[in-house]
Amino acid sequence: MQTEEKITPFTRIFLAKKRKESVSPDADHPAALSPLPPLPPRSSTRGFRRFQEKAIQFLLFLAAASSIAITLGIVWILAYESFGFFRHVPLMDFLTDTQWTPLFDDAHYGIRPLVTGTLVVAAVALALALPVGTITAIYLSEYAPHRVREIVKPFLELLTAVPTVVFGYFALLFVTPLLQKLIPSLPGFNMLSAGLVIGVMIIPYVSSLSEDAMRAVPMHLREASYAMGATRFQTSVRVVTPAAFSGIASAYVLAFSRAIGETMVVAIAAGMQPRLTANPLEPAATITAYIVQVALGDLPHGSIGYQTIFAAGLTLMLMTLVFNVAGHLLRKKFREVY
């Protein structure tokens, strides 16, 4: 009986044929009175599997469509509120005016001070994060033993879990006093300390993604380089890094997007003063810092001051979009297929 329960449908058919040949059609014979259990209908099984696949496909489509719908909703809100702003402020004044004082009686709506402050802080952050993150990625990919890599990489990625407000006060209370010992004329609020701390924040993005891209380079490229007499450093710099450049470029673009979108560090350490200056030793305001400043106020909904939030947010989104498209084209140009 145990063997009969485990036999397959094809074995049942074969045994049934043998039973008909070997067993007499005597009603008293025990084998003639024990029919085989019926097989489940194949049509119902196929229908259930087809329904299951359709349900899974619909859920996956719903998840993808919801993310697209949320993105389009954000774009629609920014564009709709910004349209009300640009009905009162000419676009050329918004792009060319050198003052940003929308909350004053003598209001000016030039976005250039905020854009300049955003780019200066991001430039300082990238000047620290890109070389340090890339060197760290080369070490983890080409030099570090497996045990060291398993310890260092999670520790670096742990930096991304630290709240940004902690980094903000770290920049204000530790980095700025330290820099003031080197630069006595440095004010308490400045873009340099904010940019350096943001650079520390985005090092894990650069190092982790770049290291993954380098480890994805096939081993035979390294072996060919070693066979031609290259050292490990020459192989890392002249073979592995160029071969992984598309992935490294993705890490750079993500780090830049993270830098220009940072809010709390610049709001705490850079000083929310919209000034048109490219000097990182001076205080300034970024787009995100201004949005925080206005959001904490009591501006009535629909006022021109309230709508400046969405105009600034739309500008930041377009900046991020431009750099992401440029990064995508760069990755596409230098992408290697192995």
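The values are calculated or read from the model by the stated rules, or taken from the named source; none is laboratory data. Only a predicted model underlies this, so the values are computations on that prediction, with no experimental measurement involved. Quick reminder, even Gly has a Cβ in these numbers, built from the backbone with ideal geometry, and neighbours come from all protein chains shown.
Among the residues of the range 115-129, is there at least one that is surrounded by 11 or more Cβ atoms within 10 Å (Cβ to Cβ), touching a Gly at 6+ places or on another chain (Cβ under 6 Å), touching a residue at least 40 places away in the same chain (Cβ under 8 Å) and not assigned by TED's automatic domain parsing to the domain that holds THR241? Break it down into steps so the answer makes sense when it comes.
Our first condition is that a residue be surrounded by 11 or more Cβ atoms within 10 Å (Cβ to Cβ); within the range 115-129, this holds for 115-129.
Then drop every residue that is not touching a Gly at 6+ places or on another chain (Cβ under 6 Å), which leaves 121, 124-125, 128-129.
Filter once more, keeping what is touching a residue at least 40 places away in the same chain (Cβ under 8 Å): 121, 124-125, 128-129.
Next, only the ones that are not assigned by TED's automatic domain parsing to the domain that holds THR241 stay: none.
The answer is no; no qualifying residue exists.
Against the condition closer than 18 Å to ALA259 by Cβ, more than 22 Å from the chain's Cα centre (by Cα) and modelled with pLDDT of 90 or more, how does THR136 come out, does it pass? Criteria not met by THR136. When the range 183-202 is filtered for residues that are surrounded by 21 or more Cβ atoms within 10 Å (Cβ to Cβ), of a type in the set (Val, Ile, Thr) and within 27 Å of GLU142 (Cβ to Cβ), only ILE202 remains.
Condition first: touching a residue at least 40 places away in the same chain (Cβ under 8 Å) and either surrounded by 13 or more Cβ atoms within 10 Å (Cβ to Cβ) or closer than 13 Å to ALA311 by Cβ (or both). Now tell me which residues in the range 81-102 satisfy that. So that I can check it myself, show each step before the final result.
Step one: list which residues in the range 81-102 are touching a residue at least 40 places away in the same chain (Cβ under 8 Å), which gives 81-82, 84-86, 88-89, 94, 98-102.
Residues satisfying the conditions are GLU81, SER82, GLY84, PHE85, PHE86, HIS88, VAL89, PHE94, GLN99, TRP100, THR101, PRO102.
All of TYR139, TYR205, TYR169, TYR143 fail the test of being surrounded by 23 or more Cβ atoms within 10 Å (Cβ to Cβ), among the aromatic types (Phe, Trp, Tyr), assigned by TED's automatic domain parsing to the domain that holds ALA267 and on the phi < 0 side of the Ramachandran plot, apart from TYR205. Please find, among ALA171, ALA129, the residue that is under 25 Å from PRO242 (Cα atoms) and among the aliphatic types (A, V, I, L, M). After ruling out the rest, the residue left standing is ALA129.
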